[in-house]
Each structure stands twice: as C-alpha cells, then as structure tokens.
Amino acid sequence: MKKFINATIYGDSESQELLIENGQFKAIGNGLGDADEVIDLEGRLVLPPYVDPHLHLDYIFSGLGDGNANISGTLFEGIQRWSDNKKSLTEEMVRERAIKGIQKEMNKGVQFIRTHVDITDPDLTGMKALIKLREELKDVITLQIVAFPQEGFFRYKGAEQLMEHALEMGADVAGGIPHFEISYEQGVESLKRIVHLAIKYNVMIDIHCDENDDPNSRFLEVLNALVMENNYGKYTTASHTCSFGSVENSYANKMLGLFRESNINFISCPTENAHLQGRGDSYPKRRGLTRVKELLNNGNNVAFAQDSIADYWYPLGNGNMMNILDNGIHLAHYTHIDEIYKAFDLITYQGANIMRINDEYGMEAGKPANFIVLDAKDSYEAIRERAEVLVSIRNGEYLFKRKPQKNEVEIDFLKQ
Ligand code: FE2
C-alpha cells in the first residue's frame, strides 16, 4: 500500500492524502492510516493525467527532412504533401513515429490519446500499426483510434470500404472530412454515410469539420442535425470547426441553441489552427479558433488538443498540453481569473468526456490510480507559470518522476 500525503487535488483547496492499493485509489481524504510507503507531495497540485483527444500519430514527424516543408502553410498543401509521400509508408515507419510521439506526450503527463489514422490507403498501413500498438502499450497509455478518411470519404475512391474494414479491425471512432469532398452535396452525403456506419458498428464519431475560414461552410450544422436526429450527440465530436469562429452572431446564436439540444462535443486545436487559418486574410487576421468560450458557456463539452507534431500541416508541437492550454485560453479570451482556475478541465476531464473513459478516469476511490503532480501549489499558479509535470503515476506505479527545476536564479542586478 502506498500513500501520497499533502496533495492539493485540482478543484479542492485543502491538501489531502491518496491511499493506493492494487493499482487503484483505495481512499482519498485525511487521516487514512498507515501505508508501506509514504510520499510527501508538499502541497503540490495533483490532477488526473492530461488527455490529448486529437492527434495524428501516423503523421508525426513526417514533415521533417529535405523538401518536406509546407510552403503555403495551408491545410490543402498539407494534404497534398502527405498524399505524395505516404505511398512509401511501412508499418515499421508508422510504429517508430507513433512511439516517438507517444513518448513525447507521456513525458509531459499525457496518459490518454485519441489518434486519427488515415484509412485512405489500400493497405491500411497506419491502421494495422496503431491497432497493434494500442494493445501493446495499454498498460502505460490508453489509445483510441479514429478511422479517418484523410483524402475524402468520396473523393478517395474506395474509402467507404476501407473505413468499414478499419471498423471491423477494431477502430474505436468513425472520422470524416466533409469540407474536403468535391462538393457540398458530397460532403453532406459523406456525413450521412459516416453516421450510419458509426451507428452500425456502435462506435463514436469524430469529424474534422469546417476546418476552414469560410463563414458559409455548413457541415457543422449538417453533422449536428444528423446526430440530433439519431440521439447520438454525446458520442459525437466536431473537431476544429474553425469557420464557426467566422459566422455571424445571429447564425451562431441559432446554432448554439441546437448544440445545447444535441449535446455534441467540440475539440479545438489552438496552436495548429492559429498556424493554419487566416492565411487568406490580410488584416485583421482571424485567430482560427472556433467559439470556445461561447460553447463552454452554452454547456457544451469542449476540449483542447495538440493535433500535429512536426508534420506536413504544422512544423512545431512537442506533446506539451500545457503549451496547448496556454495558447488556447489566450486565443479564446478564456482568461478571467475564475476561468483560469478551471481551465485544466480543457485538457483533462473534458477530453475524457469526449473519449468516454469516465469509468477509468478521475480521482475517486475505486478508480485506477492514474494522476500527475505539477510543480505548483494550485491551478492558477500552475497555468501562469506553465508548471512542469514532476510525476506521472499509472495504476499506482511511477511512469516517471523528476526533480523540480529551480528555474529562477537570483539576479543580483543592483550590485555594481
Ligand atoms: Fe486533425
């Protein structure tokens, strides 16, 4: 039995003890009795592990190397470059890249990842590699896999059959990209087929939806209507929805009412979309984000995600969800002090809601003892200082432990 003492649990002000037995939280509170090992957290902030609910592990680090840079910085050039280069992809290459990406994310305190995997490939190379890794690594990381038709559900010939094959292989989620189909009609039809397949295979839905600056892009409206009719909103996520940041307020208000009814979830990828969007603007330049704050105030579940690490779409990224959170709350104006205090929800509980892993996620007696410890006394200090993750615990065991860095030296600037 292990006991962590003086833990400031996110959302509570008093420090508590965490008693762990057989990989689970046995009890959380005070005066919990003896344990074989007692670890003093000295009042540091304890959170459930970070969740990254939108990543592309099959592309990760693909944008490195000669001639791979995306010159225009647009989504469309990214898709073209990936399409040109993916033909030489092997399972071993995907496996190596994915492991490197998972290592990066785990190092920063992530233990739950939803990865999109391109299925517009006759060999389903990425899908095969990721399905094996999901099983192989399940004790250290929870992977959820989206069957994602990167080159279009209709635009890529045979994608529908490939998606069905991927779902039969065990993909957890059906994906889509309606704004990349060749017409509005085909985009709508792709959403109908994807919703149908998701219901048929009893999987969740996560659509790359309106990832553009076009205020007339309307696939979010279509997706929302389809899942509302099928009472499937809570199993559905609209990722990106950048154009919803550009629509008129009167239209946005109408849609917010409908999102409240459907309970659809949203994922915003702040750094990725700040980079990709607004490329056609002169000034003022749009921020590229959906209406994060308004969706949250509307009662919809919203999470932030990394999306890309050094791939054809985005040259940066290192799996650090604190960086994503910091950028996201700035770009979304989610910076009132009360909002900052609860902003960790965007990279923890709300991502877990999207992945529907609530049974195994959160700091409660009876759940797996998964948590991280930050070098800060509370959530406000942690975000303001971009506090480092010092400890990551999975099923009661250390994934890693690092010493706090003394990141400020005393500068004797008054001494002559
Ligand atoms: Fe994506």
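Which of the residues belonging to region 98-137 are under 18 Å from the mean Cα position of the chain (by Cα) and either among the charged types (D, E, K, R) or not assigned by TED's automatic domain parsing to the domain that holds GLU168 (or both)?
Of everything in region 98-137, those that are under 18 Å from the mean Cα position of the chain (by Cα) and either among the charged types (D, E, K, R) or not assigned by TED's automatic domain parsing to the domain that holds GLU168 (or both) turn out to be LYS100, LYS104, GLU105, LYS108, ARG114, ASP118, ARG134.
Which numbered condition in (1) out of contact with any Lys or Arg (no Cβ under 9 Å at 6 or more places or on another chain); (2) open to solvent by 70 Å² or more (accessible area, probe 1.4 Å); (3) in contact (Cβ under 8 Å) with a residue 40 or more places away in the chain is the only one that GLU261 fails?
Single failed check for GLU261: (3).
Go through (1) within 15 Å of the ligand (Cβ to nearest atom); (2) open to solvent by less than 10 Å² (accessible area, probe 1.4 Å); (3) touching a residue at least 40 places away in the same chain (Cβ under 8 Å) and name the single condition VAL302 misses.
So VAL302 meets the others, but not (1).
Condition (residue is within 16 Å of the ligand (Cβ to nearest atom), hydrophobic (A, V, I, L, M, F, W, C) and at negative phi) applied to region 247-262: is it met by at least one residue? Show your work before the answer.
The first filter runs over region 247-262 and keeps only residues within 16 Å of the ligand (Cβ to nearest atom), leaving none.
Checked region 247-262: no residue is within 16 Å of the ligand (Cβ to nearest atom), hydrophobic (A, V, I, L, M, F, W, C) and at negative phi.
Please go through region 231-279 and pick out each residue that is of a type in the set (Phe, Trp, Tyr) and farther than 18 Å from ILE205 by Cβ. Let's see the steps before the verdict.
First, pick out the residues of region 231-279 that are of a type in the set (Phe, Trp, Tyr): 232, 235, 244, 251, 259, 266.
Result: TYR251, single match.
Find the residue count for region 39-67, including only residues that are assigned by TED's automatic domain parsing to the domain that holds MET204 and loosely packed, with under 15 Cβ neighbours inside 10 Å.
Total meeting the criteria: 4.
Report the residue count in region 66-92 for those that are aliphatic (A, V, I, L, M), within 13 Å of ASP311 (Cβ to Cβ) and at pLDDT 80 or above.
Of the residues in region 66-92, the ones aliphatic (A, V, I, L, M) are 69, 71, 75, 79, 89.
Subsequent filtering for residues that are within 13 Å of ASP311 (Cβ to Cβ) retains 69, 75, 79, 89.
If we keep only those that are at pLDDT 80 or above as well, we get 75, 79, 89.
Final tally of qualifying residues: 3.
How about region 12-67: which strands (runs of 3 or more DSSP E) wholly inside it have at least 1 residues that are in contact (Cβ under 8 Å) with a residue 40 or more places away in the chain, touching an Asp or Glu at 6+ places or on another chain (Cβ under 8 Å) and within 16 Å of the ligand (Cβ to nearest atom)? Talk me through it step by step, then tell me what you get.
Details: elements: 15-21, 24-29, 37-40, 45-47, 50-55.
In region 12-67, the matching strands (runs of 3 or more DSSP E) lie at 50-55.
Tell me, please, whether a residue that is in contact (Cβ under 8 Å) with a residue 60 or more places away in the chain, open to solvent by less than 50 Å² (accessible area, probe 1.4 Å) and under 17 Å from the mean Cα position of the chain (by Cα) can be found in region 82-93.
Restricting attention to region 82-93, the residues satisfying the condition of being in contact (Cβ under 8 Å) with a residue 60 or more places away in the chain are 82-83, 85.
Those still in the list that are open to solvent by less than 50 Å² (accessible area, probe 1.4 Å) too: 82-83.
Adding the requirement that they be under 17 Å from the mean Cα position of the chain (by Cα) leaves none.
No: zero hits.
Here is a list: ASN70, ASN30. Which entry is open to solvent by 20 Å² or more (accessible area, probe 1.4 Å) and out of contact with any strand residue (DSSP E or B) (no Cβ under 8 Å at 6 or more places or on another chain)?
Working: ASN30 fails: out of contact with any strand residue (DSSP E or B) (no Cβ under 8 Å at 6 or more places or on another chain).
On inspection, the qualifying residue turns out to be ASN70.
The values are calculated or read from the model by the stated rules, or taken from the named source; none is laboratory data. In this text the structure is predicted, and so the values were computed from the model without any measurement. Quick reminder, even Gly has a Cβ in these numbers, built from the backbone with ideal geometry, and neighbours come from all protein chains shown. Keep in mind that these areas ignore ligands, DNA and RNA; they rest on the heavy atoms of the full protein, side chains included. Shrake-Rupley method; radii C 1.70, N 1.55, O 1.52, S 1.80 Å.
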